[in-house]
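Contents: one structure, followed by commentary.
No lab work stands behind these numbers, since they all come straight from the coordinates. These numbers were taken from a predicted model, which means no experiment stands behind them. Note that we place each Cβ from the backbone using ideal geometry, even for glycine, and neighbour counts take in every protein chain shown.
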Amino acid sequence: MTATADATGNADKTAIRNAATVIAVRGRSSADPQVLMGQRGAKAAFMPNKFVFPGGAMDAGDADVPLGSSLPAACKARLMADGGAPIWQALCVAAVRELWEETGLILGTPGTWTGAVPGDWQSFAATGHLPHAEPLSFVFRALTPPGRPRRFDARFFLVEAEALVGDLDDFSRASDELSHLQWIPLSAVRGFDLPFITEVVLAEVTRTLRTGEVPESTPFFRNDDEESLFLRLRGHPMPKTG
């Protein structure tokens, strides 16, 4: 990744890594849907103490992991836009892996792995599932602003809890990356310590859940220039409201 300049003219040499984040929604049709979140550690280099959705950087090996199902065509097309074509499948795999690692919940479809199973996928494969991309809906993209200790080009995927396998309240297989894992009602979530971008994403997701409408394009909050830009993918500025 080429270094970029910040507002002071200094080069920002922090590499931007592709990442996937999962917004799991429980009770979508209820009066007060819930989202799954956990708290990052106080010593975490990125967003310490903040409540966040499960997610993380795409690993090089994610490109070699087979999907048990593909994305719906319209969703896939949005994910492939603006440079996403070479990595769309790896991003889906990363979303499933991060959800499994950080919460112990399975987004999988029954299937048998062929060939050697990568080390960080062995526990998932042992459940008898392959990564399941079909329930994922690509709903948001955001770049971490310059000057942060880590920068990500994060794609946010919405998934309904009904697509997950097993007990939705059993986090016993989760790693220790997130603590206080819980399903939080949308009416209460802003009472938690959230990153700014999470609040922005929640506003978009809440609008989608309330209207039931699938957006024709995906919001893109871009922070790679001196000015933060809120776009729709393919580079069209979003209309201002209010």
(request) At 7 Å along the Cα-to-beta-carbon direction for both Ala57 and Ser187, put a label point, then send me their distance in nm to one decimal. (result) 4.1
(request) Answer rounded, prolate or oblate for region 13-236, using the Cα gyration tensor with square roots of eigenvalues a ≥ b ≥ c: rounded when a/c is under 1.5, else prolate when a/b is larger than b/c, else oblate. (result) rounded
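Let me know the shape class of region 34-128, please: from the alpha-carbon gyration tensor, a ≥ b ≥ c as square roots of the eigenvalues, rounded when a/c is under 1.5, otherwise prolate if a/b is greater than b/c, or oblate.
In terms of gyration-tensor shape, oblate.
Contour minus end-to-end for Ala74 and Ser30, with contour as 0.36 nm per residue of separation and end-to-end as the Cα-Cα distance?
Gain on stretching Ala74 to Ser30: 13.2 nm.
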(message) Taking 8 Å as the Cα distance limit and 6 or more residues as the minimum spacing, I'd like the relative contact order of region 27-175 as a percentage.
(response) 24
(request) Report the extension gain between Glu162 and His180 in nm, rounded to one decimal, defined as 0.36 nm multiplied by the number of residues separating them, less their alpha carbon distance. (result) 4.3 nm
(message) Only sites in a loop by DSSP and with at most 16 other Cβ atoms within 10 Å count here; which trypsin sites (Lys or Arg not before Pro) in region 98-158 make the cut?
(response) Arg150
(request) Report the net charge of residues surrounding Pro118, where surrounding means a beta-carbon distance below 14 angstrom and charges are Lys +1, Arg +1, Asp -1, Glu -1. (result) -4
(request) Could you tally the net charge around Asp32, taking each other residue with its Cβ under 12 Å from the Cβ of Asp32, Lys/Arg +1 and Asp/Glu -1? (result) +3
(message) Distance between the C-alpha centers of region 154-172 and region 58-75? Whole Å please.
(response) 17
(message) Let me make sure I get this right: for region 110-172, a, b and c are the square roots of the gyration tensor eigenvalues over alpha carbons, sorted descending. Under 1.5 in a/c it's rounded, otherwise prolate if a/b > b/c, else oblate. Which is it?
(response) prolate
